[in-house]
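Chemist: Here you go, one structure.
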Amino acid sequence: MNKPIRKLAVVAGAASAAFALAAAPASAVPSTVWTVNPTPAGFTAANSGNVVLSVNGIAMTCTKSTASGTMASATGNPATVASISAIAFGATGAPCTSVLGNVSTVATTPWTVVAQDYTAATGVTKGYVGNVDAKVTVGACVFRVTGKASGTYTNSTGALAVNSVAGELTVVSSTNCGSAVPVGAKPTFKGTYLVKSGTVIPTIVGSNP
């Protein structure tokens with residue numbers, strides 16, 4: 001009577017162990033080598049669609065925005081794969097706007113593009129734009145925003161899609177803004193930029209040799 005029960009217990013135990021191994025997800029190995037092509041290279045970028053900074057429900061929208069800088073291969077995780085030396089919001093005849101009036105933004109650069117995760121199947125790198133520092137003026141209201149903004153870069157299109165989450169950016173100073181934009185507010189920044197190095201779309205590939 002006991003032998004069949006013991007055998008059943010052994011079989012059940014082995015089956016449970018096998019199921020646990022099969023069900024456990026394989027842990028992804030993070031990339032530590034980032035190959036940028038061409039490298040090193042200068043780049044330019046222009047927005048595709050609106051670029052929006054939102055603070056306390058107030059949207060500050062730019063229909064024109066450009067950036068430029070350099071890209072280069074790097075190692076480590078996270079790793080800086082690009083430096084943004086200049087970024088402009090708005091243009092002559094196309095100022096950034098809000099319900100509070102036209103918006104003027106002056107960036108303190110360099111900002112950085114930092115890579116953290118790469119998916120070979122899609123050619124998409126996840127990471128963030130770091131070292132963000134900008135002074136924003138809306139009428140008499142002047143405030144400064146610092147921090148980072150999460151984003152992705154897609155090799156096939158050269159699209160740098162910035163889509164920050166609340167808490168990544170912070171208003172660190174505010175003058176004549178009252179409760180509309182107080183110190184400590186957590187803005188969000190969203191926008192997509194199409195990146196080119198001359199006429200070539202740069203690629204970023206992560207690996208772990």
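Chemist: Got a sec? Which of Val138, Val103, Val99, Val142 is of a type outside the set (Lys, Arg), more than 17 Å from Ala45 (Cβ to Cβ) and in contact (Cβ under 8 Å) with a residue 60 or more places away in the chain?
Modeler: On the way: Val103 fails: in contact (Cβ under 8 Å) with a residue 60 or more places away in the chain; Val99 fails: in contact (Cβ under 8 Å) with a residue 60 or more places away in the chain; Val142 fails: in contact (Cβ under 8 Å) with a residue 60 or more places away in the chain.
Selected residue: Val138, the only one of Val138, Val103, Val99, Val142 that is of a type outside the set (Lys, Arg), more than 17 Å from Ala45 (Cβ to Cβ) and in contact (Cβ under 8 Å) with a residue 60 or more places away in the chain.
Chemist: Also: Please enumerate the residues belonging to region 85-108 that are of a type in the set (Val, Ile, Thr) and surrounded by 15 or more Cβ atoms within 10 Å (Cβ to Cβ). Walk me through how you get there before you give the answer.
Modeler: First, pick out the residues of region 85-108 that are of a type in the set (Val, Ile, Thr): 87, 92, 97, 99, 103, 105-106, 108.
Answer for region 85-108, where residues must be of a type in the set (Val, Ile, Thr) and surrounded by 15 or more Cβ atoms within 10 Å (Cβ to Cβ): Ile87, Thr97, Val103, Thr105.
Chemist: Can you tell which of Lys190, Lys186, Lys196 is outside any strand (DSSP E or B), among the charged types (D, E, K, R) and either touching a residue at least 60 places away in the same chain (Cβ under 8 Å) or closer than 23 Å to Asn50 by Cβ (or both)?
Modeler: So the residue among Lys190, Lys186, Lys196 that is outside any strand (DSSP E or B), among the charged types (D, E, K, R) and either touching a residue at least 60 places away in the same chain (Cβ under 8 Å) or closer than 23 Å to Asn50 by Cβ (or both) is Lys186.
Chemist: For region 77-94, what are the residues that are in contact (Cβ under 8 Å) with a residue 12 or more places away in the chain and in a loop (DSSP other than H, G, I, E, B)?
Modeler: Answer for region 77-94, where residues must be in contact (Cβ under 8 Å) with a residue 12 or more places away in the chain and in a loop (DSSP other than H, G, I, E, B): Asn77, Pro78, Gly90.
Chemist: Also, quick follow-up: If you check every pair at least six apart or on different chains, which have Cβ atoms under 9 Å apart with a residue in region 155-174 that is within 16 Å of Thr119 (Cα to Cα) and touching a residue at least 40 places away in the same chain (Cβ under 8 Å) first and a residue that is open to solvent by 30 Å² or more (accessible area, probe 1.4 Å) and among the basic types (Lys, Arg) second?
Modeler: Every condition considered, the pairs that remain are Gly158/Lys196.
Chemist: May I pose another question? Tell me, please, whether a residue that is under 16 Å from the mean Cα position of the chain (by Cα), in a strand (DSSP E or B) and closer than 27 Å to Ala185 by Cβ can be found in region 61-76.
Modeler: yes
Chemist: Separate question: Could we say that Val138 is among the aliphatic types (A, V, I, L, M) and over 16 Å from Val36 (Cβ atoms) here?
Modeler: Numbers: among the aliphatic types (A, V, I, L, M): yes; over 16 Å from Val36 (Cβ atoms): yes.
Yes.
Chemist: Exactly one condition in (1) closer than 18 Å to Asn50 by Cβ; (2) open to solvent by less than 40 Å² (accessible area, probe 1.4 Å) is false for Ala82; which is it?
Modeler: (1)
Chemist: While we're here: Tell me, yes or no, whether region 109-121 has at least one residue that is out of contact with any Ser or Thr (no Cβ under 9 Å at 6 or more places or on another chain), surrounded by fewer than 17 Cβ atoms within 10 Å (Cβ to Cβ) and either touching a residue at least 60 places away in the same chain (Cβ under 8 Å) or not hydroxyl-bearing (Ser, Thr, Tyr) (or both).
Modeler: If we filter region 109-121 for residues that are out of contact with any Ser or Thr (no Cβ under 9 Å at 6 or more places or on another chain), which is where we start, we get 121.
If we keep only those that are surrounded by fewer than 17 Cβ atoms within 10 Å (Cβ to Cβ) too, we end up with 121.
Those left that are additionally either touching a residue at least 60 places away in the same chain (Cβ under 8 Å) or not hydroxyl-bearing (Ser, Thr, Tyr) (or both): 121.
Looking through region 109-121, at least one residue is out of contact with any Ser or Thr (no Cβ under 9 Å at 6 or more places or on another chain), surrounded by fewer than 17 Cβ atoms within 10 Å (Cβ to Cβ) and either touching a residue at least 60 places away in the same chain (Cβ under 8 Å) or not hydroxyl-bearing (Ser, Thr, Tyr) (or both).
Chemist: Would you say Thr146 is open to solvent by less than 50 Å² (accessible area, probe 1.4 Å), touching a Ser or Thr at 6+ places or on another chain (Cβ under 7 Å), under 20 Å from Ser85 (Cβ atoms) and not in a loop (DSSP other than H, G, I, E, B)? Lay out the reasoning, then the answer.
Modeler: On the way: open to solvent by less than 50 Å² (accessible area, probe 1.4 Å): yes; touching a Ser or Thr at 6+ places or on another chain (Cβ under 7 Å): yes; under 20 Å from Ser85 (Cβ atoms): yes; not in a loop (DSSP other than H, G, I, E, B): yes.
Considered against the rule, which asks whether it is open to solvent by less than 50 Å² (accessible area, probe 1.4 Å), touching a Ser or Thr at 6+ places or on another chain (Cβ under 7 Å), under 20 Å from Ser85 (Cβ atoms) and not in a loop (DSSP other than H, G, I, E, B), Thr146 comes out as yes.
The values are calculated or read from the model by the stated rules, or taken from the named source; none is laboratory data. Values in this document were obtained by computation on a predicted structure and should not be read as measured data. Because the Cβ atoms are built from the backbone with ideal geometry, glycine has one as well, and the counts that use them run over all protein chains shown. Ligands, DNA and RNA are stripped out before the accessible areas are found, and what is left, the full protein with its side chains, is counted by its heavy atoms. Shrake-Rupley method; radii C 1.70, N 1.55, O 1.52, S 1.80 Å.
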